[in-house]
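Scroll down for the structure; my scribbles are underneath it.
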Amino acid sequence: MVDASVAELADRIRALLGGADDVEERAMFGSRAFLSEGRILVGARKGGVLLVRVGAERGAVLLTGQGVARAVMGARTMSENWLDVAPEAIADDRALMEWIDLAREDAGAA
């Protein structure tokens, strides 16, 4: 059974991406991941948390923001490249789109 908060956030992400041809959606690790060229951009996680993949330099800066923490998967705390963004920090679509754009910018530079 899919967590309702995962489904809701995935719906919001999907709508903001507007059917982008370069983004693929997959179920991964109990979440919905959105990938570009096989690499995770963002994911909808339990509790409505947004998983975001960015460059390490940008990640270190973003970690200072409110509602942003290093992603934890199981017992492992991920690097600065993987951020969990609290639902409060992506409450409106503008804020969510800013995070998606950051992930896409860094994916393009990788």
(message) Residues to consider are ALA69, ALA89; find the one that is assigned to a strand (DSSP E or B), modelled with pLDDT of 95 or more and surrounded by fewer than 19 Cβ atoms within 10 Å (Cβ to Cβ).
(response) ALA69
(request) Would you mind stating whether LEU9 is surrounded by fewer than 20 Cβ atoms within 10 Å (Cβ to Cβ), outside any loop (DSSP other than H, G, I, E, B) and in contact (Cβ under 8 Å) with a residue 40 or more places away in the chain? (result) no
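Can you name the residue in region 42-66 that is free of Cβ contacts under 8 Å to residues at least 24 places away in the same chain and assigned to a loop (DSSP other than H, G, I, E, B) and, of all such residues, is farthest from LEU17 (Cα to Cα)?
Taking region 42-66 as the starting set, the residues that turn out to be free of Cβ contacts under 8 Å to residues at least 24 places away in the same chain are 43, 57, 60-61, 63-64, 66.
The next check asks that each one be assigned to a loop (DSSP other than H, G, I, E, B); those that pass are 63-64, 66.
On the way: LEU63: 24, THR64: 26, GLN66: 24 Å.
In this case the residue turns out to be THR64.
Of the residues in region 72-85, how many are part of a loop (DSSP other than H, G, I, E, B) and charged (D, E, K, R)? Show your work before the answer.
Within region 72-85, the subset part of a loop (DSSP other than H, G, I, E, B) is 74-75, 78-81.
Keeping just the survivors that are charged (D, E, K, R) gives 80.
The qualifying residues number 1.
The values are calculated or read from the model by the stated rules, or taken from the named source; none is laboratory data. Worth saying up front: this structure is predicted, and the values here are computed from it rather than measured. For neighbour counting, all protein chains shown are included, and Cβ atoms are generated from backbone atoms with ideal geometry for every residue, glycine included.
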